[in-house]
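Working notes for the structure below.
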Amino acid sequence: MESPKRYTITAALPYTNGPIHIGHLAGVYVPSDIYARFLRMQGKDVAFVCGSDEHGVPITIKAKKEGVSPQDIVDKYNAIIKSSFEDFGISFNNYSRTSAEVHHKTASEFFKKLYDSGKFTEETTQQLYDAEAGQFLADRFVVGTCPKCGYEESYGDQCEKCGTSHNATDLLNPKSAITGATPTLKETKHWFLPLDQYEGWLKEWILEGHKKDWKPNVYGQVKSWIDDGLRPRAVTRDLDWGIPVPVEGADGKVLYVWFDAPIGYISSTKEWAEKTGKDWEPYWKDKDTKLIHFIGKDNIVFHCIIFPVMLKAEGSYILPENVPANEFLNLEGNKLSTSKNWAVWLHEYLEEFPGQQDVLRYALTANAPETKDNDFTWKDFQARNNNELVAIFGNFINRVVVLTNKYYDGIVPAPGENSEVDKEVLAELKAYPAVIASSIERYRFREAQAELMNVARLGNKYLADEEPWKLIKTDEERVKTIMYVALQIASALATLSEPFLPFTAEKLKRMLNYGKASSEATIEENRHDEWQEITEKEELLPAGHQIGKAELLFSKIEDEQIQKQLDKLEATKAANKAENQKAEPQKEIATFEDFTKMDLRVGTIVEAEKMPKANKLLVLKVDTGIDVRTIVSGIAQSFKPEDIIGKKVTVLVNLAPRKLRGVESEGMILMTENKEGKLVFINPDEDGVKEGTVIS
Ligand SMILES: [Zn+2]
């Protein structure tokens, strides 16, 4: 679509069973926000919508676990998620909830229209049923082996390993997630969306129509599903949490969460239109509207196949122009996980790095998993801040603003004749808006941001080469021109950085007393084309313009701050390990006679030293009450010799002697492990227990 009249931009509805983390931000919300901000700055008509996804099985499971109602769960996380988005400047025109009345109504009507026009098939089928819990098992209520890839922990609706979506009855070895029981089959009636009937249309629309403009990772996944053959998908569930199925004979049934969730984009647009006095329909029904879905790769099937089929079946809606799904972001080499707490939570980040939202936005975009899974590391985060934002962007701006204040009391000087270098630099500057725009329009946000940083590099290099701080002593006239040129670059940066670094852009615009700050109020405003101005306008800051005082845009992040984050992750790892430590299964039965063969005594360590050239072994002298004997023990990594002298221990004294590194060991000291994996003594430390006492 060459020049659409308006844009409808959707960002995946976050699921309200937990807060959001950097993976969500990197995968969906920062890229969609860059895109929306960029379009608004060009004066485009944009509806950027999102909302909380509050239905579905995982929420009911979490509520059950915590002994609260599903409503309690969604209220709690909706509030946390919403404020995280506000904190990080994600500039939605509207953020709604699927529990909102407007959504229930919209989703019901959507279903009813498809139902009335015969778009569903109705089937009474055998579904998995947990007799113990007295309920049908769909989606995440059932876990089993994926029929496609063999992954043993696949959910009933989708395999997290290979991404395939399937029906719960397709799983091999299904188990109830509620009781662990093997489900039985029970008859129930459901409505199905016959995806198979749309195969031909999907082939034409996506496989032929979007071969060139859709990302290869998205196109490839869609193609493989279509090639495998599509099957009817149930769009209703036997469940008591969700939107009731609005037809007769459907008591106890709700819409499948993946049927109602994408309709949430439409309801959110309606809610926004109502608030702002607009008409929602053109944003979803006018063919001159460009609809873009920003999602993570786990949602591709729903946004590229199921939702488009729903829209197509309904008949009056437009289809997405593009679905620029991202791959996954990992954290320090491991998959982000809410349940394992392996994440950087946004609300926690802001406690540790207050006011540094843009640093995280920058690092996440620089590392965005646009074409493959990518890794977030704290070291990289620190380097991006210190070596790029501080050393290049911040340094350039600081020099410009400080010198302008120092030499000219903050008033933009009148330039003399431009040198060849000035001309080149200004020409280069004027080319950047188109370069950055071209990357953003192709959803290449890392590339776009790298070009933005090149603008700062251009300015930094210009000042370093021209050295106005030296020239001021010999050629004051020339310095005026240099500072004038540098100020033009600084103001271009204030505009070009806004989609990526909105908080920085706002600060910079205030400092330069230039343009309109990207505050919340501007979201609904019709702006003029500030982007194009950089290329077209003769000058951005005219001579005589008064700028403000210098403020620091970025500050250095110290090693200790990074170490603290790494320590936090190490602690999470240790806690997960402790949690996952399962008791070993019981050994074979031993008879009483077997046990009485073991001669266990209380002993005291009287001497201890390291075994030379062995890093695990200590050579101990132990008073067993019978004698003082040598025991070699593999505990050197848990204890220093001097710390264990005098320690009471449990000794197996009649273990056959054996030589370790040439030292004969006569017995064994009993040990166990604590949750950090450190060895600890089985310690008979009651008062008055003497060496040689038999343990039985
Ligand atoms: Zn699978």
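The values are calculated or read from the model by the stated rules, or taken from the named source; none is laboratory data. Owing to the predicted nature of the structure, the values given are computational and were not obtained by experimental measurement. Positions of Cβ are generated from backbone atoms using ideal geometry, with glycine treated the same way; all protein chains shown enter the neighbour counts.
Quick check, is residue 644 out of contact with any Gly (no Cβ under 7 Å at 6 or more places or on another chain), within 19 Å of residue 602 (Cα to Cα), in contact (Cβ under 8 Å) with a residue 24 or more places away in the chain and not acidic (Asp, Glu)? Don't jump to the end; show me each part of the working.
Numbers: out of contact with any Gly (no Cβ under 7 Å at 6 or more places or on another chain): yes; within 19 Å of residue 602 (Cα to Cα): yes; in contact (Cβ under 8 Å) with a residue 24 or more places away in the chain: yes; not acidic (Asp, Glu): yes.
Answer is yes for this residue.
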* Asked: Does residue 152 meet the test of being within 16 Å of the ligand (Cβ to nearest atom) and of a type in the set (Asp, Glu)?
  -> yes
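Of all the residues that make up the range 162-212, how many are aromatic (Phe, Trp, Tyr) and closer than 19 Å to residue 237 by Cα?
Taking the range 162-212 first, the residues aromatic (Phe, Trp, Tyr) are 191-192, 198, 201, 205.
Still in the list and also closer than 19 Å to residue 237 by Cα: 191-192.
Number satisfying all stated conditions: 2.
So for the range 395-417 (the condition being of a type in the set (Ser, Thr, Tyr) and within 25 Å of residue 32 (Cβ to Cβ)), does at least one residue qualify? Don't jump to the end; show me each part of the working.
At the first step, the residues of the range 395-417 found to be of a type in the set (Ser, Thr, Tyr) are 404, 407-408.
Now restrict to residues that are within 25 Å of residue 32 (Cβ to Cβ): none.
There is no residue in the range 395-417 that is of a type in the set (Ser, Thr, Tyr) and within 25 Å of residue 32 (Cβ to Cβ).
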* Collect the residues in the range 107-149 that are at pLDDT 90 or above, within 16 Å of the ligand (Cβ to nearest atom), buried (at least 19 other Cβ atoms within 10 Å of the Cβ) and outside any loop (DSSP other than H, G, I, E, B), keeping them in residue-number order. => 142, 143, 144
* Single match in 450, 431, 486 (criterion: touching a helix residue (DSSP H, G or I) at 6+ places or on another chain (Cβ under 7 Å), in a helix (DSSP H, G or I), of a type in the set (Gly, Ala, Ser) and closer than 29 Å to residue 89 by Cβ) -> 486
* Structure fact -> When the range 230-271 is checked residue by residue, the ones that are more than 23 Å from residue 17 (Cβ to Cβ) and of a type in the set (Ser, Thr, Tyr) are 269
* Restricting the search to the range 556-609, which residues are touching a helix residue (DSSP H, G or I) at 6+ places or on another chain (Cβ under 7 Å) and either small (Gly, Ala, Ser) or modelled with pLDDT under 90 (or both)? -> 608
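Quickly run through the range 562-580 and pick out the residues that are under 13 Å from residue 674 (Cα atoms) and either hydrophobic (A, V, I, L, M, F, W, C) or touching a Gly at 6+ places or on another chain (Cβ under 9 Å) (or both). Break it down into steps so the answer makes sense when it comes.
Within the range 562-580, the first condition is being under 13 Å from residue 674 (Cα atoms), and the residues that meet it are 574-575, 577-579.
Of everything in the range 562-580, those that are under 13 Å from residue 674 (Cα atoms) and either hydrophobic (A, V, I, L, M, F, W, C) or touching a Gly at 6+ places or on another chain (Cβ under 9 Å) (or both) turn out to be 574, 575, 577, 578.
Kindly indicate which of 369, 354 is within 30 Å of residue 574 (Cα to Cα) and free of Cβ contacts under 8 Å to residues at least 12 places away in the same chain. Walk me through how you get there before you give the answer.
On the way: 369 fails: free of Cβ contacts under 8 Å to residues at least 12 places away in the same chain.
On inspection, the qualifying residue turns out to be 354.
Quick check, is residue 166 within 25 Å of residue 308 (Cα to Cα) and within 16 Å of the ligand (Cβ to nearest atom)?
yes
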* Might you check whether a residue that is touching a residue at least 40 places away in the same chain (Cβ under 8 Å), surrounded by 20 or more Cβ atoms within 10 Å (Cβ to Cβ), β-branched (Val, Ile, Thr) and more than 30 Å from residue 420 (Cα to Cα) occurs anywhere in the range 465-482? => no
* To do: Return only the number of the condition from (1) within 11 Å of the ligand (Cβ to nearest atom); (2) farther than 22 Å from residue 300 by Cα; (3) of a type in the set (A, V, I, L, M, F, W, C) that residue 171 does not satisfy.
  => (2)
* **Odd one out for residue 101 among (1) surrounded by fewer than 14 Cβ atoms within 10 Å (Cβ to Cβ); (2) under 30 Å from residue 36 (Cβ atoms); (3) within 14 Å of the ligand (Cβ to nearest atom)** => (3)
* Structure fact -> Of the conditions (1) within 25 Å of residue 3 (Cβ to Cβ); (2) without any contact (Cβ under 8 Å) to a residue 12 or more places away in the chain; (3) part of a loop (DSSP other than H, G, I, E, B), the single one that residue 311 does not satisfy is (3)
* Structure fact -> Selection from the range 296-321 of residues over 16 Å from residue 266 (Cβ atoms) and out of contact with any Asp or Glu (no Cβ under 6 Å at 6 or more places or on another chain) yields 296, 298, 299, 300, 301, 304, 305, 321
* To do: Tell me, please, whether a residue that is in contact (Cβ under 8 Å) with a residue 40 or more places away in the chain and farther than 22 Å from residue 696 by Cβ can be found in the range 585-603.
  => no
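Could you pull out the residue among 208, 187, 204, 199 that is of a type outside the set (Phe, Trp, Tyr) and touching a Leu at 6+ places or on another chain (Cβ under 8 Å)? Break it down into steps so the answer makes sense when it comes.
Numbers: 208 fails: touching a Leu at 6+ places or on another chain (Cβ under 8 Å); 187 fails: touching a Leu at 6+ places or on another chain (Cβ under 8 Å); 204 fails: touching a Leu at 6+ places or on another chain (Cβ under 8 Å).
Only one candidate qualifies: 199.
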* Please state which of the following conditions residue 355 fails to meet, knowing it meets all the rest: (1) over 14 Å from the mean Cα position of the chain (by Cα); (2) part of a loop (DSSP other than H, G, I, E, B); (3) surrounded by 15 or more Cβ atoms within 10 Å (Cβ to Cβ); (4) among the small types (Gly, Ala, Ser). => (3)
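Just checking, does the range 603-612 include any residue being more than 28 Å from residue 692 (Cα to Cα), in contact with a strand residue (DSSP E or B) (Cβ under 8 Å, 6 or more places away or on another chain) and either among the aromatic types (Phe, Trp, Tyr) or exposed (fewer than 13 other Cβ atoms within 10 Å of the Cβ) (or both)? Before you say what the answer is, go through the steps one by one.
Taking the range 603-612 and keeping what is more than 28 Å from residue 692 (Cα to Cα), we get 612.
Filter again for in contact with a strand residue (DSSP E or B) (Cβ under 8 Å, 6 or more places away or on another chain), leaving none.
No; the residues of the range 603-612 include none that is more than 28 Å from residue 692 (Cα to Cα), in contact with a strand residue (DSSP E or B) (Cβ under 8 Å, 6 or more places away or on another chain) and either among the aromatic types (Phe, Trp, Tyr) or exposed (fewer than 13 other Cβ atoms within 10 Å of the Cβ) (or both).
With respect to residue 631, determine if the residue is closer than 21 Å to residue 693 by Cα, part of a strand (DSSP E or B) and in contact with a strand residue (DSSP E or B) (Cβ under 6 Å, 6 or more places away or on another chain).
Values: closer than 21 Å to residue 693 by Cα: yes; part of a strand (DSSP E or B): yes; in contact with a strand residue (DSSP E or B) (Cβ under 6 Å, 6 or more places away or on another chain): yes.
Against the criterion (closer than 21 Å to residue 693 by Cα, part of a strand (DSSP E or B) and in contact with a strand residue (DSSP E or B) (Cβ under 6 Å, 6 or more places away or on another chain)), residue 631 qualifies.
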* Tell me which residues, restricted to the range 337-360, are more than 25 Å from residue 494 (Cα to Cα) and among the β-branched types (Val, Ile, Thr). => 338, 344
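Residues that are exposed (fewer than 14 other Cβ atoms within 10 Å of the Cβ) and touching a residue at least 40 places away in the same chain (Cβ under 8 Å): find the strands (runs of 3 or more DSSP E) completely inside the range 150-259 holding 1 or more of those.
Details: elements: 172-176, 184-193, 236-238, 253-255.
Output list reads 184-193.
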* Of 464, 448, which residue is farther than 18 Å from residue 537 by Cβ, touching a Ser or Thr at 6+ places or on another chain (Cβ under 6 Å) and aliphatic (A, V, I, L, M)? -> 448
